[in-house]
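Novice: Quick one: the structure is below, and I'll ask about it shortly.
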Amino acid sequence: MLTLPDPYPETLAELAQLIHDQLQPRMGEDAGPQALRIVDALRRELGGSLIYIPKDTARARRQRNDAIVREFTGRNHDALARKYGVSTLHVYRLLAAARQRRQVALFV
């Protein structure tokens with residue numbers, strides 16, 4: 001459990017908790033103080049700034065699509081669509097595009 005100084009700004013508390021949760025499995029009890037040091041360094045360096053943190057949805061989408069192509073067995077279009085929350089038509093289109101890329105690669 002992360003113990004925060006009182007009072008501690010809500011945004012910094014959320015950030016500290018996120019960092020703590022990532023460090024804790026590897027660092028155990030040392031994760032709390034380390035998370036607070038990291039948040040303090042971010043506060044000193046970026047405090048007062050408005051920063052944008054991208055969701056990186058393009059990378060996540062690319063990883064999902066690559067997984068669909070990797071997991072395709074020849075007959076599991078519907079199962080992959082359900083597993084990844086996309087339409088069966090989308091799975092067919094991904095597989096067709098992957099097949100096209102492989103064919104082009106053969107002639108390059």
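Novice: Any idea which of (1) farther than 30 Å from Y84 by Cβ; (2) assigned by TED's automatic domain parsing to the domain that holds L89 is the one G47 doesn't satisfy?
Specialist: Unmet condition: (2).
Novice: Need pairs with beta-carbon distance below 8 Å; first residue outside any helix (DSSP H, G or I) and within the range 79-108, second surrounded by 10 or more Cβ atoms within 10 Å (Cβ to Cβ) and among the β-branched types (V, I, T); sequence gap 6+ or separate chains.
Specialist: So the pair list comes out as V86/I68.
Novice: Inspect the range 66-73 for any residue being under 30 Å from R99 (Cβ atoms), of a type in the set (A, V, I, L, M), loosely packed, with under 14 Cβ neighbours inside 10 Å and at pLDDT 95 or above and give the result as yes or no. Walk me through it before giving the result.
Specialist: Of the range 66-73, the ones under 30 Å from R99 (Cβ atoms) are 66-73.
In the following step, the residues that additionally are of a type in the set (A, V, I, L, M) were identified as 67-69.
When the remaining residues are screened for being loosely packed, with under 14 Cβ neighbours inside 10 Å, the result is 67.
Going one step further and asking which of them are at pLDDT 95 or above, we end up with 67.
Yes.
Novice: Further, regarding this structure: Among the numbered criteria (1) modelled with pLDDT under 95; (2) surrounded by 11 or more Cβ atoms within 10 Å (Cβ to Cβ); (3) part of a helix (DSSP H, G or I), which one does I19 miss?
Specialist: Every condition holds for I19 apart from (1).
Novice: Turning to a different aspect of this structure: Return the total of residues in the range 1-16 being surrounded by 14 or more Cβ atoms within 10 Å (Cβ to Cβ) and part of a helix (DSSP H, G or I).
Specialist: 4
Novice: Residues that are of a type in the set (A, V, I, L, M, F, W, C), modelled with pLDDT of 95 or more and either touching a helix residue (DSSP H, G or I) at 6+ places or on another chain (Cβ under 9 Å) or assigned to a loop (DSSP other than H, G, I, E, B) (or both): does the range 49-58 have at least one?
Specialist: Looking only at the range 49-58, we keep the residues that are of a type in the set (A, V, I, L, M, F, W, C), and these are 50-51, 53, 58.
Next cut, modelled with pLDDT of 95 or more only: none.
Checking the range 49-58: not a single residue is of a type in the set (A, V, I, L, M, F, W, C), modelled with pLDDT of 95 or more and either touching a helix residue (DSSP H, G or I) at 6+ places or on another chain (Cβ under 9 Å) or assigned to a loop (DSSP other than H, G, I, E, B) (or both).
Novice: Determine the pairs where a residue that is under 8 Å from L2 (Cβ atoms), located within the range 20-32, has a partner that is outside any helix (DSSP H, G or I) with Cβ atoms under 7 Å apart, the partner being 6 or more residues away or on another chain.
Specialist: Qualifying pairs under 7 Å: H20/L2; G32/L2; G32/T3.
Novice: Further question: Taking A35 as the residue in question, decide whether it is in contact with a His (Cβ under 8 Å, 6 or more places away or on another chain), surrounded by 13 or more Cβ atoms within 10 Å (Cβ to Cβ) and in the same structural domain as M1 (by TED's automatic domain parsing).
Specialist: Values: in contact with a His (Cβ under 8 Å, 6 or more places away or on another chain): yes; surrounded by 13 or more Cβ atoms within 10 Å (Cβ to Cβ): yes; in the same structural domain as M1 (by TED's automatic domain parsing): yes.
Against the criterion (in contact with a His (Cβ under 8 Å, 6 or more places away or on another chain), surrounded by 13 or more Cβ atoms within 10 Å (Cβ to Cβ) and in the same structural domain as M1 (by TED's automatic domain parsing)), A35 qualifies.
Novice: Now a separate question. Scan the range 33-58 residue by residue and report those that are among the small types (G, A, S) and farther than 16 Å from L2 by Cβ.
Specialist: Of the residues in the range 33-58, the ones among the small types (G, A, S) are 35, 41, 47-49, 58.
A41, G47, G48, S49, A58 - these are the residues of the range 33-58 that are among the small types (G, A, S) and farther than 16 Å from L2 by Cβ.
The values are calculated or read from the model by the stated rules, or taken from the named source; none is laboratory data. Just so we're clear, the structure is a prediction, and the values are computed from it rather than from any experiment. FYI the Cβ positions are ideal-geometry reconstructions off the backbone, even for glycines, and counts take in every protein chain you see.
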